[in-house]
Amino acid sequence: MNQIITLGNMLGGKKYKNLGVDWYNEVLTLEGFDPDDTKNEYLIQVGNMLEPFEAKEFLSQNNITSDSLKGKYVFIDFWGTGCRGCVATMPKLNEIYKKIDKMQVAFIGIAIDGPVALKKGIGKYQIQFPQIRSDSVNKLFEKYKVTGIPTSILLDREGRILDMNLSPEELEDKLKELLVH
């Protein structure tokens, strides 16, 4: 959903935004996409900049801003405690987080849970990296149009989206590759 696809010759092809599938009628809905339209500037798409944000870290209540993360690679994991796929990746994400150079890489979880469920989940899954709760104030799930979890993005040092929806193993390999250079 909301990804940009190109149909036809890559050089002369036309770009479309994926609006989703109507499974009942087996129809994929596309919308014409103009890359020069400024409303598409921050669309969650590889190559685009992540729209700036400011939110409170759940446990410490310290501010986290996109500007404070510039200069680091940033892994953002959109998740929820009721999502089996999300919690299944937590042990490996914790392992990667423990090993990374935190001067070069930041991890952030953005959870859709309420405060009680998130606090319980952080303890149960022994989550080591900072968590932000998407709530009625910051509306991060809505802002980034996250419609399914788990969803993850990897940002470069300037805040541009390098990759999306990497498995923990792919993330680990990608970080090794990036940090060698």
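ARG84 passes every criterion in (1) open to solvent by 30 Å² or more (accessible area, probe 1.4 Å); (2) under 17 Å from GLN128 (Cβ atoms) apart from (2). Report, by residue number, each residue of the range 50-74 that is part of a helix (DSSP H, G or I) and touching a residue at least 24 places away in the same chain (Cβ under 8 Å). Within the range 50-74, SER66, LEU69 meet the criteria. Taking first residues from the range 168-181 that are under 11 Å from VAL105 (Cβ atoms) and open to solvent by 50 Å² or more (accessible area, probe 1.4 Å) and partners that are in a helix (DSSP H, G or I) and modelled with pLDDT of 95 or more, no Cβ contact under 7 Å between residues at least 6 apart in sequence or on separate chains turns up. Summed over the range 129-164, the residues that are touching a residue at least 60 places away in the same chain (Cβ under 8 Å) and of a type in the set (Gly, Ala, Ser) give a count of 3.
Look through ALA106, ALA117 and report the one residue that is in a strand (DSSP E or B) and surrounded by 15 or more Cβ atoms within 10 Å (Cβ to Cβ). Outline the logic, then answer.
Details: ALA117 fails: in a strand (DSSP E or B).
Checking each option against the conditions leaves just ALA106.
With respect to the conditions (1) assigned to a loop (DSSP other than H, G, I, E, B); (2) open to solvent by less than 70 Å² (accessible area, probe 1.4 Å); (3) among the charged types (D, E, K, R), ASP77 lacks only one, and its number is (1).
Taking the range 123-164 only, how many residues are open to solvent by less than 20 Å² (accessible area, probe 1.4 Å) and not in a loop (DSSP other than H, G, I, E, B)? Full working, then the answer.
Quick first cut of the range 123-164, residues open to solvent by less than 20 Å² (accessible area, probe 1.4 Å) only: 127, 129, 131-132, 134, 140-141, 144, 152-155, 159, 161.
Within this subset, residues satisfying the condition of being not in a loop (DSSP other than H, G, I, E, B) are 131-132, 140-141, 152-155, 161.
Final tally of qualifying residues: 9.
Only one of LEU59, LEU93, LEU50 is open to solvent by 20 Å² or more (accessible area, probe 1.4 Å) and of a type outside the set (Ser, Thr, Tyr); which?
Of the residues listed, the single one that is open to solvent by 20 Å² or more (accessible area, probe 1.4 Å) and of a type outside the set (Ser, Thr, Tyr) is LEU59.
The values are calculated or read from the model by the stated rules, or taken from the named source; none is laboratory data. Computed from a predicted structure; not experimentally measured. Positions of Cβ are backbone-derived with ideal geometry, glycine not excepted, and every protein chain shown enters the neighbour counts. Note: areas computed on protein heavy atoms with side chains; ligands, DNA, RNA excluded. Shrake-Rupley method; radii C 1.70, N 1.55, O 1.52, S 1.80 Å.
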